[in-house]
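**Q** Starting off with a structure, shown below.
The values are calculated or read from the model by the stated rules, or taken from the named source; none is laboratory data. Please read these numbers as outputs of a predicted model, since none were measured by experiment. Virtual Cβ from ideal backbone geometry, glycine too; neighbours counted across all protein chains shown.
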Amino acid sequence: MTRHRHRTVRTDFRCFAGPIAGAEPNRAAHGNVTEIQRCACGATRDVNVNGRHLEVGPWVEPGEHDYR
């Protein structure tokens, strides 16, 4: 049995709204945009992006709590 590895197949954007729960805090990534990355399996993750700095959240499986 092979393990599924999430890969981004679609990216949506929204205005920065705050730090990402479950992510390693990176204040330098705050203030620009948040990418919502989507996998073909339906899982999503948020990534705060500010120029060259990133704050990457965990993948959230479909059906798990997602507080967006």
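**Q** Hey, can you tell me all the residues within the range 17-41 that are under 20 Å from His53 (Cα atoms) and among the small types (Gly, Ala, Ser)?
**A** Within the range 17-41, Ala17, Gly18, Ala21, Gly22, Ala23, Ala28, Ala29, Gly31 qualify.
**Q** At least 1 residues that are modelled with pLDDT under 90, surrounded by 14 or more Cβ atoms within 10 Å (Cβ to Cβ) and in contact with a His (Cβ under 8 Å, 6 or more places away or on another chain) in each: list the strands (runs of 3 or more DSSP E) lying fully within the range 21-68 that qualify.
**A** Counting at least 1 such residues, we get no strands (runs of 3 or more DSSP E) at all.
**Q** Specify the residue that is nearest to Arg45 (Cα to Cα); the eligible residues are those in the range 1-17 that are without any contact (Cβ under 8 Å) to a residue 12 or more places away in the chain and not basic (Lys, Arg).
**A** Selected residue: Thr2.
**Q** Taking the range 6-16 on its own, how many of its residues are assigned to a loop (DSSP other than H, G, I, E, B) and more than 16 Å from Gly51 (Cα to Cα)?
**A** 2
**Q** For the range 9-46, how many residues meet the condition of being closer than 14 Å to Pro58 by Cβ and either of a type in the set (A, V, I, L, M) or in contact with a Gly (Cβ under 7 Å, 6 or more places away or on another chain) (or both)?
**A** Final tally of qualifying residues: 8.
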